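Right, one structure below, let's go through it.
The values are calculated or read from the model by the stated rules, or taken from the named source; none is laboratory data. Since this is a predicted model, take the numbers as computed values, not measurements. Cβ placement follows ideal geometry from the backbone for every residue including glycine, while neighbour counts extend to all protein chains displayed. For the accessible areas, the whole protein counts, side chains as well, though only heavy atoms, and no ligand, DNA or RNA atoms are used. Shrake-Rupley method; radii C 1.70, N 1.55, O 1.52, S 1.80 Å.
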Amino acid sequence: MLLIIFHRILIGTAIVFGAGFAVWEFLAYRRTGAVENLLIGLGAAAVAVVLGYYLKNLKRFVSY
């Protein structure tokens, strides 16, 4: 059970990092107009959303 709690904390941290990184890349895109920043921002946002879904439905994916 302790491992599941640690897993939830770790995934939550990854979601916060991914969302923050996406915002940082979107701001860089606004500043520079480089398409690479937009694509990386979209990728980071997508990862954050997928991890959010995983965290919300963790009982489906992990049996304990």
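Just a few scattered comments:
- Between residue 61 and residue 34, the modelled labels are 3.1 nm apart [label points 7 Å from Cα along Cα→Cβ].
- Label-point separation, residue 27 to residue 14 (7 Å along Cα→Cβ), nm: 2.5
- Rounded percent of accessible protein surface that carbon and sulfur make up, region 15-60, 1.4 Å probe: 72
- For the chain, the 222 nm mean residue ellipticity estimated from helices alone, with every DSSP H stretch of n ≥ 4 adding -39500 (n - 2.57) and the total spread over all residues, rounds to -30500 deg cm²/dmol.
- FRET efficiency for the residue 1 to residue 49 pair, using the beta carbon distance and R₀ = 30 Å, is estimated at 0.65.
- Against the chain, whose longest principal axis is taken from its Cα atoms, helix 35-56 shows a tilt of about 20°.
- Counting only alpha carbon atoms, the long axis of helix 2-32 and the longest principal axis of the chain meet at about 10°.
- Computing semi-axes √(5λ) of the Cα gyration tensor in Å for the structure here picks out one of (1) 30, 17, 12; (2) 16, 13, 10; (3) 30, 10, 6, namely (3).
- Net dipole in debye of the chain [+1 Lys, Arg Cβ; -1 Asp, Glu Cβ; about Cα centre; nearest 20]: 260
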